1. Report the residues of segment 154-192 in range of a label on residue 276: point 7 Å along Cα→C-beta, backbone N strictly under 19 Å from it.
2. Along each of its three principal axes, how wide is the spread of alpha-carbon positions in segment 211-289, in whole angstrom units, largest first?
3. Could you tell me the relative contact order of segment 211-289? Use alpha-carbon pairs under 8 Å, at least six residues apart, and round to a whole percent.
4. Return one number: the angle in degrees, 0 to 90 and rounded to the nearest 10, between the long axis of the Cα atoms of helix 16-27 and the longest principal axis of the Cα atoms of the chain.
5. Suppose a student asked you for the relative contact order of the chain, using Cα pairs under 8 Å spaced at least 6 residues apart; what percent would you report?
6. Give me the three principal axis extents of segment 47-150 from the C-alpha atoms, as integers in angstrom, largest value leading.
7. Could you tell me, in Å, what Rg and Dmax come out for the Cα atoms of the chain?
8. If packing is taken as the mean number of other Cβ atoms within 10 Å per residue, what is the order of 179-192, 4-17, highest first?
């Protein structure tokens, strides 16, 4: 039997074969979620191929590439109270969507549930799972998993109302670390986020990606987040550490230049998080500096 609490939103851009594989997997899960695919102006026939093969899936054709903000469009199009995200190269294991939805239903102060990630084709655990499992954020006795102050968009389920109220993903971040800003804005409103190891998402990394561009955008977005939400000293310290440890090459330089170009917007939009949220971010500073999953290489 399906689960009418759950919607799934997937975004894609010029990855026809990958998204067809992903939707095929999602069509077979026993929860039978309502699926919305937002095609970010693909030029490879993605939207037409989806419509032909999966006529019951809602396909939205964006006029331009919206990046991560395309998820906002997808969430707005589903009326289900709990919305899972998967990228065009990730899919949820059958039964995992229901586990995540049960957590959201049983814990009305939780806004996001992040699943564990298995990397295909060899079935190994993604290194980020160790970091999530060992999160230093204090965990209340009633919490169903380790507490987080960010999440992985391609492997998380959100409470639709809290997501919409927070404004979703900022379009300026495009792709690459776009979750951190939204996560801290949710935390500032009193929402919790948790890691649920019992829910599983499979990731078959696409070859159709530009690793240098992703690193450039990741550096820019990381700097923007610190400048937008961290106190001045913490933002400065984290920025200096990134500049000291990232490869000293053109990609890093381009990311820094992109971040500096956005300084006028950052200054207008800067809103430091409450002290309780900042206390959690300070706990995460050292683990993130030494994380195997946060190396700025490409």
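Values quoted throughout were computed directly from the atomic coordinates according to the rules given, and no laboratory measurement underlies them. In this text, all values refer to a predicted model and were calculated from it rather than measured experimentally. As a convention, Cβ positions derive from the backbone with ideal geometry for all residues, glycine included, and neighbour counts pool all protein chains shown.
1. From segment 154-192, the list is 162-163, 166, 182-192.
2. 37, 30, 19
3. Details: 47 pairs, mean separation 35.0, N = 79.
Relative contact order for segment 211-289 comes out at 44 percent.
4. Relative to the chain, helix 16-27 is tipped by roughly 70 degrees.
5. Working: 549 pairs, mean separation 55.3, N = 298.
With pairs under 8 Å counted, the relative contact order is 19 percent.
6. Cα spread of segment 47-150 along its principal axes, largest to smallest: 48, 35, 27 Å.
7. Considering the chain through its Cα atoms, Rg and Dmax are 18.4, 54 Å.
8. Details: 179-192: 20.6, 4-17: 22.3.
The most tightly packed comes first, giving 4-17, 179-192.
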